[in-house]
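The values are calculated or read from the model by the stated rules, or taken from the named source; none is laboratory data. Here the structure is a predicted model, which means the values were calculated and not measured. Cβ coordinates were reconstructed from backbone atoms using ideal geometry, including for glycine residues, and neighbour counts include every protein chain displayed. The accessibility values were calculated without ligands, DNA or RNA, using every heavy atom of the protein model including side chains. Shrake-Rupley method; radii C 1.70, N 1.55, O 1.52, S 1.80 Å.
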Amino acid sequence: MTGVATRASWAEKLLLVRAALCASALTAPALAQPAAAQSRGEEVPIQRQLDEARAQIAQQEQRLLEQERRIQLLEQRVLASSQATQPPRDQLAQVPAPAEKQPVHVGEAPADEDQPPAVAILDEKGSVLTRAGQMITEVGIDYGRSDRNRAVFRGVELIESILVGVFDINESRQDILTASASLRYGLAPRLEIGARLPWIYRSDMSIVAPVAGSTNDDAARTIDSSVQGSGLGDVELTARYQINNGGRNKPFLIANAQATLPTGRSSFEVARDENGSAIEVATGAGFLGLSPSITAVLPSEPAVLFGTLGYTFNLPKDVSTRIPPVEIDRVDPGDAINFSAGIGLALNERTSLSLGYAHSWVFGTRTWTRQLDRDSGEPSGDQTETFSRDLQVGRLLVGITQRFSPRVIVNWSVEVGATQDAPDVRTSLRVPVAF
């Protein structure tokens with residue numbers, strides 16, 4: 001605002017100078033010479049007066065042209081000074097998915113039609129691209145909680161409401177705290193690469209107990225296992241490419257690719273007791289995952305609409321792990337279809353709000369197992385192939401972005417499970433810093 005006010009005051013002064021010069025150019029030639037001649041008692045011919053007036057006007061016009069040139073130079077200097085006082089536009093991003101995904105300033109039209117608008121995208125696969133030659137480091141902390149309580153009946157139903165068998169109550173709780181460091185770099189005007197390194201602290205509690213009175217020895221059949229620990233999680237590598245030049249009525253399209261490396265400790269690598277219960281926590285999935293996706297971002301002031309559609313490929317793996325009463329030979333994790341959509345609203349120049357929904361359809365997992373012999377403990381018999389049921393993981397997303405400076409932004413997001421298979425809640429705080 002200071003630059004604009006300064007420019008306005010300069011413009012007013014320049015207009016006054018220009019008006020004064022024009023008035024002097026019109027009046028001085030006509031009055032100066034006749035007044036001087038009359039003071040000497042001479043009569044000046046009318047034609048001579050006109051010629052002298054024309055000469056004076058030509059000289060004044062030349063002076064006006066010179067003043068106009070100086071005025072233009074002053075206006076250029078004032079404009080450059082006002083632009084220098086304005087903070088530069090930032091394009092820091094934030095996921096998801098569901099992004100990617102993220103990101104982080106919404107509600108402003110892009111200054112350059114070749115660059116996508118800065119927008120807070122909750123999905124990690126849908127973040128806005130980083131400018132070419134710019135590096136963004138990000139530190140974050142995530143907390144997730146899952147709580148399951150299920151009653152399982154194993155027996156025979158004789159008639160309606162009459163069950164003969166054993167009831168089991170399965171209760172499990174899982175708390176996961178993740179600290180991560182991310183790096184993104186604009187490799188080209190439309191290409192961005194990145195990496196994320198997570199460190200995971202996890203606490204698992206599981207209780208399997210029969211309903212009181214359903215067995216002869218309820219205490220002996222109760223299994224209570226709790227374990228906690230920490231370790232390196234699965235490293236993520238990402239690449240994003242802007243496909244087209246979007247605009248106000250045309251969405252920006254961004255192609256995303258993510259690879260999840262099995263660097264963490266999987267469930268098939270942890271130590272177990274004689275009953276097959278884990279005595280260490282898993283910090284990774286244990287499988288290589290590839291996730292291509294495409295993100296659409298549509299500016300619509302003062303909001304930005306965004307959506308991501310992708311597919312996750314999980315590669316099968318030979319695990320050769322014994323979890324009594326079976327030995328698991330091979331596991332093929334189910335692939336997944338991922339979708340997310342939402343809207344980002346600019347509350348003011350520094351604060352934005354994002355609302356969205358993300359859904360994953362995870363296909364069933366194929367597992368090849370063999371029964372363990374009770375006496376020798378070695379696998380025997382034919383290999384059995386089993387399929388688990390599909391999972392529907394839906395999440396409601398809410399995010400707030402606050403820009404503290406052109407280079408520092410804070411993103412806070414909350415995810416709430418909308419389906420039975422989804423985690424109960426997850427919240428994350430991320431701070432990207434641009435260099």
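log₁₀ I(q)/I(0) of region 372-419 at q = 0.18, 0.20, 0.33 Å⁻¹, via Debye over equal Cα point scatterers, no solvent, to two decimals? Normalising to I(0) and taking log10 leaves -0.77, -0.83, -1.11. A crude spin-label estimate for the pair residue 255 and residue 427, with each label 7 Å from Cα along the Cβ direction, gives 3.9 nm.
Remark: accessible surface ordering of 75, 349 (largest first) is 349, 75, probe radius 1.4 Å. Solvent-accessible surface of region 215-343, taken per residue with a 1.4 Å probe and all protein chains present: 48 Å².
Extending 7 Å from the Cα toward the beta-carbon at both residue 207 and residue 52 defines two label points whose distance is 11.4 nm.
Its residues counted as N, region 314-417 yields a C-alpha radius of gyration over 2.2 N^0.38 Å of 1.77. Once the C-beta distance of residue 384 and residue 311 is scaled by a Förster radius of 25 Å, the resulting FRET efficiency is 0.30 to the nearest 0.05. Stokes-Einstein diffusion for region 249-408 at 37 °C, viscosity 0.692 mPa s, with a Kirkwood radius from C-alpha pairs, works out to 171 µm²/s. Based on alpha-carbon atoms, the Kirkwood radius and the radius of gyration of region 223-305 give Rg/Rh equal to 1.28. Between residue 181 and residue 416, residue separation times 0.36 nm minus the direct Cα-Cα distance comes to 82.2 nm. Here region 383-435 and region 292-318 have alpha carbon centers that stand 14 Å from each other.
Report note on the peptides 331-339, 316-324: ranked by the mean count of other C-beta atoms within 10 Å, highest first, their order is 331-339, 316-324. Rolled with a 1.4 Å probe across the full set of protein chains, the surface gives residue 369 an accessible area near 20 Å².
A crude spin-label estimate for the pair residue 330 and residue 172, with each label 7 Å from Cα along the Cβ direction, gives 2.5 nm. For region 355-430, the solvent-accessible area with a 1.4 angstrom probe is 59 square angstrom per residue.
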